[in-house]
Amino acid sequence: MKEYKNFINGKFMNSQSGRTFENRNPADWDEVVGIFPKSTADDINVAIEASKKAYKKWRDVPWPKRSEIMRRAAEILIEKKEDVAKLMTREMGKVIKETRGDVQEGIDTALYASIQGRKYYGYTLPSELQNKSCWTRRDPLGVWGLITPWNFPIAIPSWKIFPCLLSGNTAIIKPATYTPACAGELVQILHEAGVPDGVLNIVYGGGGEIGEALLHHEDIVGISFTGSSDIGKRIGEVCGQTLKRCSLELGGKNGEVVLRDANLDLALDGVLWGAFGTTGQRCTATSRLILEEPIYDTFIEMLKTKTEKLRLGNGLDERVDVGPLVSEAQRETVHSYVEIGKKEGATLLTGGEVYAEGECARGWFYRPTVFVDVLPTMRIAQEEIFGPVLSVIKAKNFEEAIEILNGTVYGLSSSIYTKDLAKAHKAIERAETGIVYINAQTIGAECHLPFGGMKNTGNGHREGGWTAYEIFTEVKTVYIDYSGTLQKAQIDTWEK
Ligand code: UN1
């Protein structure tokens, strides 16, 4: 068990409150993974002061120089990949092959940043007037607050930290209290790679206390948040009042549509991975399966057999398919939705109960659960559960399937299995989601493409790829007049 401290201005510090909190292994609640400071607004204030000072120098470091640090961070993360992946499995429970993937997503994002530093383009445009040039550049904003969730403890902090810092901003990161250790390791890796003191600070503690302090501080220029839609709305509201920039990645209720002509085995593998990977705790998880009528009975039979074969256990065991939920509270939420589903009249096909066999009794395990005969209006088909619960809905035809797919307040990811090119293209056009997969599951976004959703999933920003850099920079439009005369746009005329 390790004792962690806040890292502010290049120094380890306890919270001024003197209080701490523990982080435990959800697969084995007896194991304490680490002890962390329970910080307050006073600690945030110290971090913001340091970050403001550091910003004055960091913004002047050339982009390609900053990108060399990002490349070095990628190299260190590659060396530490296995250790960080194991720590992550102990910290939040997902299986080792997935935590390796999570760290890999961080490495990819760092490498992308290392390239981006040499090719951050602006635009050059013609002017209406002679002897005048027009172009755009992008500049950093200042000190950012980065608030990250527990389900992707390296990948999501990486999505925010790398573009934020590469663009010349400085930041304070507040990781989720379930996964403080992984974020702490990432911050140390960046420090070792050469990020100067004060440029990246980490402060541990609860959202109510330090998240709010970041949100309300007048020297914070923007908040980048990934988490629930309820908290996101509140962040958006406060940022609206103070005109802080704000990027929100929120909930999902993603659907996989399987049409009558689809490769059913492929669609089955896709839904199992999408619904039960990360124990369903992804904002991109498949939580609805929409089956076209002619294949409904066959497919649910196939689904039942394979779901029941999934192996639960401690994620450090390479043979395990599904780890625990992150906490007891999360497991209770999942179970309460199972009760809701039964009351609403859906049929429980499999699962629906706590799993406590052998060593699993020490953790927060829950059987992969499938409800069939679900109506699109039921709460289990509308609300984000964030657990291993799949709702199967029958659709009469393609049109109805797409209507059901779009019939939620969320709009992150969707998946359509079909061999019909016309239907695939029509589905891409119609899907009200930021990400669409054809013949692939709803999860598995790659770091160099835009990531984000429509409707209540966010506020229009896209993390990932070049679009992440749009979040963390301001566009500056530059006009240079070298005519030596007073020229008037819209008024001067051109003479033959
Ligand atoms: C999330 O669920 O919050 O596309 C992020 C995916 C991952 C990222 C998920 N690459 O499922």
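The values are calculated or read from the model by the stated rules, or taken from the named source; none is laboratory data. This structure is a prediction, so every number in the text was calculated from the model and none was measured. Cβ sites come from the backbone with ideal geometry, for glycine too, and all protein chains shown count toward neighbours. Note: areas computed on protein heavy atoms with side chains; ligands, DNA, RNA excluded. Shrake-Rupley method; radii C 1.70, N 1.55, O 1.52, S 1.80 Å.
For region 245-290, which residues satisfy the criterion of being out of contact with any Lys or Arg (no Cβ under 6 Å at 6 or more places or on another chain), in a loop (DSSP other than H, G, I, E, B) and surrounded by fewer than 21 Cβ atoms within 10 Å (Cβ to Cβ)?
Arg260, Asn263, listed by residue number.
List the residue pairs whose Cβ atoms are under 6 Å apart, where the first residue sits in region 301-312 and is more than 13 Å from Val372 (Cα to Cα), the second is in a loop (DSSP other than H, G, I, E, B), and the two are 6 or more positions apart or on different chains.
Thr307/Pro368; Leu310/Asp321; Leu310/Pro368; Arg311/Val320; Arg311/Asp321; Leu312/Tyr355; Leu312/Phe365
Is there any pair linking a residue in region 72-90 that is closer than 14 Å to His191 by Cα to one that is of a type in the set (Phe, Trp, Tyr), with Cβ under 9 Å and at least six apart or on different chains, and which?
Pairs that qualify, where the first residue is closer than 14 Å to His191 by Cα and the partner is of a type in the set (Phe, Trp, Tyr), are Ala73/Phe162.
Would you tally the residues in region 148-184 being within 13 Å of the ligand (Cβ to nearest atom), within 18 Å of Ile210 (Cα to Cα), open to solvent by 10 Å² or more (accessible area, probe 1.4 Å) and touching a residue at least 60 places away in the same chain (Cβ under 8 Å)?
Total meeting the criteria: 2.
Condition first: over 30 Å from Leu405 (Cβ atoms), free of Cβ contacts under 8 Å to residues at least 60 places away in the same chain and touching a helix residue (DSSP H, G or I) at 6+ places or on another chain (Cβ under 8 Å). Now tell me which residues in region 213-241 satisfy that.
Result: His216, Glu218, Val238, Cys239.
I'd like to know if region 435-455 contains one or more residues that are more than 23 Å from Thr136 (Cβ to Cβ), in contact with a Pro (Cβ under 6 Å, 6 or more places away or on another chain) and more than 13 Å from the ligand (Cβ to nearest atom).
No; the residues of region 435-455 include none that is more than 23 Å from Thr136 (Cβ to Cβ), in contact with a Pro (Cβ under 6 Å, 6 or more places away or on another chain) and more than 13 Å from the ligand (Cβ to nearest atom).
Within region 291-303, track down each residue that is in a helix (DSSP H, G or I), of a type outside the set (A, V, I, L, M, F, W, C) and open to solvent by less than 60 Å² (accessible area, probe 1.4 Å).
Answer for region 291-303, where residues must be in a helix (DSSP H, G or I), of a type outside the set (A, V, I, L, M, F, W, C) and open to solvent by less than 60 Å² (accessible area, probe 1.4 Å): just Tyr296.
Take the residues of region 185-228 that are of a type in the set (Gly, Ala, Ser) and part of a strand (DSSP E or B): which is surrounded by the most Cβ atoms within 10 Å (Cβ to Cβ)?
Residue satisfying both the conditions and the ranking: Ser224.
In region 9-47, which residues are over 30 Å from Gly313 (Cβ atoms) and touching a Gly at 6+ places or on another chain (Cβ under 8 Å)?
Asn9, Gly10, Ser15, Pro37, Lys38, Ser39, Thr40, Asp43 - these are the residues of region 9-47 that are over 30 Å from Gly313 (Cβ atoms) and touching a Gly at 6+ places or on another chain (Cβ under 8 Å).
Mind checking which residues of region 84-111 are within 12 Å of the ligand (Cβ to nearest atom) and farther than 18 Å from Gly277 by Cα?
Residues satisfying the conditions are Gly106, Asp108, Thr109.
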